[in-house]
Amino acid sequence: MKRVGLIGAGYVSQFHIKALQRLPDVEIVGVCDLDLARAQATGCRAFGSTKELYAAGVDFVHILTPPASHAALTIEALQHGCHVLVEKPLATSVEDCDRIAAAAGDKIVCVNHSLLRDPFVMQALDLVRNGAVGDILSVDYFRSSDYPPYLGGPLPPQYRDGGYPFRDLGVHALYLMQSFLGNIEDVQGQFRSAGKLSADPNIRYDEWRALVRCTKGTGQIQLSWNVKPIQNQLFIQGTKGTIRADLFSMFVTCRKNTPFPKAIERVLNARGEGKGICRQVRRNVVKFLRGQLMSYHGLQMFIADFYANPRAIVSLTDARQVVDWTERVARPADEAKRQPLPKLTAPVLVTGAGGFIGRQLLKRLLEQHDRVRVFVRRALPADPRVEVVVGDLGDPEVVERAVAGTEIIYHVGAAMRGSREDFERGTVVGTKNILDAMRRHRVKKLVYVSSLSVLHAAAAKPGVKMKEDWPVEPRASERGAYTQTKLAAEKLVRESGLPAVIVRPGQVFGPGTSAVTGAVAQQVGKRKVILGNGQLVLPLVYVDDVVDAILLAAKKETGLWHVVDTGVQITQEQLAPGAMKLPYPLVYVLAWTAELLLKRRAPLTRYRLKSALAPIAFDCGAAEKELGWKPRVGVVEGLKRERSII
């Protein structure tokens, strides 16, 4: 029996464990991770240190930690007399690769270049070796990806290091080039951010291109964390044909040069390729359902081959070459991200300054202060009066930097879209990080911008106006992630014991944001659809008036205020004339049906519908009396400014 230990209990560990569990001559001794709970979650025996793992007795070790730790952990395993299988890349420098080679002695060190055992890559390699497309001239690799949800806390390596994305996926691309085109002679890489198009702003450089020159031809690599749907495709061009391998859709096709006229040849190749794709996809889906094809199939087959005949499937020389070229592309991105941070001196901080309310608030604050500090997810246009801190509210380290030295914080930042994890991190964890940093730096005041969605809307009754003492939502999880997390964040603020005031604005509109939102009418195809009879009165407020209330609230020690323009009543039908109306009974039946079919995933539930269409009216007398707030612009004038229809 081969006794195996795993170091690292991250995402990829589950596939290593599954592969090892299928091998009859392998025993998993346990999993080691600095986070013992994460190691325990694998279902294997858990170790909190490598010392404990080696004391348990292991012959083979899998290194499944971030790349920067690979060399030290590999050498440690070799010193304990173990053979080692390392997740790609082998290391993050050629010097570390040489240290590993020197320490190996008679022990096996193999790096997991898993796509070499992917069935579709292997099929493409067989076609090339059999001369199906003649002599190879070039290879193109297209790959897009995303990362697991970031839940907050210390930044994971994909966000921390500028070059990590290329270290993560560029390695696969380079060893594939190596396999098809021979030794790599040169790599010219480029990286950039997609900016406003970025699907994940925490990745500093999410678009990568590389031109690879090898002994037998040239290769091109395109990596993206924004292209959708996610793709993983390989194109091999030769003198007699081309091969397309789609690793996600599970097919390989081959177009060949023929003696027929080109027009006929194109038709024949297209017809043959289409039939081949349909046939292969159907067959491979069945194989996947039967377990004959698996998630991360190449990785699991690589491990099986490694233990079937223990040897270095990938030589240290080949692994070193891939590391060398990977680092030549990745390190400039590391250096670009490590630019010196400017000194921060502004006493005022605005979180979420890139958002709708935050932008307008920043403009007003710049009229009152020489300098204002902002916390944003994406960089803002340069302005010498604005100190910009770019980061994620879930990251306590960058929040600490943003808060240090400030006297007042306008906390507007929160998640407005995305997954539940995005809402939890951006709203709840972000608010907790702000409060924790406030305590450490003894910030004098927090102005928190909450939402009227935290109120128990379903309890509303005609003729009864909601004041600040109205009960909060008792079934927040049924109202959706936005309500749930805004309520949780507001609770943190109210229970913090810190000097804080809270403003709950209504449905805010203004420059760049229409008053006709989903709360007014849903866009279905080319038509707008109103849920109900269209007579629901909307809690509208113009953004300039909200900013007025925020600035007035900042002068108070404590307090909570609703901010709605109650001087005018605008209905759904007035804002969306001509929209189709769905009667309440019909919408109720649709919501009930969705609940039955989709359960928790239902986008519309009966309770959410009841809350959305409740006859809500607000009493903003407290804001008028305690803050001296009245709408300066007002809804009517605001709608005229934004050219909305009444």
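Relative contact order for the stretch 1-79 using alpha-carbon pairs under 8 Å, separation at least 6, rounded to a whole percent?
Values: 132 pairs, mean separation 28.7, N = 79.
After rounding, I find 36 percent.
As a calculated quantity, the FRET efficiency between residue 240 and residue 72 at R0 = 45 Å, using C-beta atoms, amounts to about 0.40.
With all pairs of different C-alpha atoms in the average, the Kirkwood value for the hydrodynamic radius of the stretch 348-641 is 19.9 Å. Residue by residue, the stretch 47-59 carries 3J(HN,Hα) couplings of 10, x, 8, 5, 4, 5, 4, 5, 5, 6, x, 9, 9 Hz when phi is fed to the Karplus relation 6.51 cos²θ - 1.76 cosθ + 1.60 (θ = phi - 60°); x denotes Gly or Pro.
Estimated purely from DSSP H runs of n ≥ 4, each contributing -39500 (n - 2.57), the mean residue ellipticity at 222 nm for the chain is -10500 deg cm²/dmol once divided by its residues. Of interest is the spacing of the C-alpha centroids, which for the stretch 430-504 and the stretch 304-381 amounts to 31 Å.
Of the beta bridges DSSP finds with both residues in the chain, what % are antiparallel, to the nearest 5? Each step should come with its number before you reach the end.
Numbers: 40 of 99 bridges.
That works out to approximately 40 percent antiparallel.
Each DSSP beta bridge with both residues in the stretch 348-641 is either parallel or antiparallel, and the antiparallel ones are about 15%.
Note on residue 461: aspartates and glutamates with a C-alpha under 16 Å away, same-chain residues under 8 apart excluded, are 469, 473, 619. Listed by Cβ neighbour count within 10 Å, with the fewest neighbours leading, 228, 581 appear as 228, 581. Charges were assigned to the Cβ only: +1 to each Lys and Arg, -1 to each Asp and Glu. The resulting dipole of the chain about its Cα centre is roughly 1980 debye. Computed from label points 7 Å out along Cα-Cβ, the spacing between residue 270 and residue 215 is 4.0 nm. Here the spin labels are modelled as points 7 Å beyond Cα on the Cα-Cβ line, and at residue 288 and residue 308 they lie 2.4 nm apart.
Computed from point charges on the beta carbon alone (+1 for Lys and Arg, -1 for Asp and Glu), the dipole magnitude for the stretch 348-641 about its Cα centre is near 600 Debye. Charge tally for residue 186 (other residues, Cβ to Cβ under 12 Å; Lys, Arg +1; Asp, Glu -1): 0.
Size estimate for the stretch 2-112 follows the Kirkwood approach: the inverse of mean 1/r over distinct Cα pairs works out to 13.7 Å.
Over 19 Å, how big is the tail of the calculated P(r) for the stretch 295-423, in percent of all Cα pairs?
On the way: 5245 of 8256 pairs.
Value for the stretch 295-423: 64 percent of Cα pairs lie more than 19 Å apart.
Computed from label points 7 Å out along Cα-Cβ, the spacing between residue 258 and residue 146 is 4.0 nm. Between the helical axis of 297-308 and the dominant principal axis of the chain, each derived from Cα atoms, what acute angle in degrees is found, rounded to the nearest 10? For helix 297-308, the angle is close to 40 degrees. Taking a point 7 Å out from the Cα of residue 598 in the direction of its Cβ, the residues of the stretch 452-482 whose backbone N falls within less than 18 Å of it are 477-482.
Taking neighbour Cβ counts within 10 Å as the exposure measure, how do 561, 629 sort from fewest upward?
On the way: 561 25, 629 22.
With the sparsest Cβ surroundings first, the list reads 629, 561.
Computed from the C-beta positions of residue 56 and residue 436, the FRET efficiency with R₀ = 30 Å rounds to 0.20.
Annotation: the antiparallel percentage among DSSP beta bridges lying fully within the stretch 461-571 is about 40. If R₀ is 51 angstrom, what is the calculated FRET efficiency for the pair residue 519 and residue 79, using the beta carbon separation as r and rounding to 0.05? So, using R0 = 51 Å, E works out to roughly 0.20. The lysines within cross-link reach of residue 630, meaning a Cα-to-Cα straight distance under 17 Å and a gap of 8 or more places when in the same chain, are 467, 555, 556. Across q = 0.17, 0.18, 0.23 Å⁻¹, the stretch 242-352 modelled as identical point scatterers on its alpha-carbon atoms has Debye log10 I(q)/I(0) values of -1.01, -1.04, -1.19, in the order of the q list.
For the residues 552, 393, 115, what sequence is obtained by ranking on other C-beta atoms within 10 Å, fewest first? Working shown, then result.
Numbers: 552 19, 393 27, 115 24.
In order of increasing Cβ crowding within 10 Å: 552, 115, 393.
Couplings 3J(HN,Hα) for the stretch 402-412, derived from phi with the Karplus relation 6.51 cos²θ - 1.76 cosθ + 1.60 (θ = phi - 60°), are 5, 7, 4, x, 8, 10, 9, 10, 9, 8, 9 Hz, where x marks Gly and Pro.
Bear in mind these aren't lab numbers, they're just calculated from the coordinates by the rules spelled out. None of the values given here were measured: they were computed from a predicted structure. Note: ideal-geometry Cβ built from the backbone for every residue, glycine included; neighbour counts use all protein chains shown.
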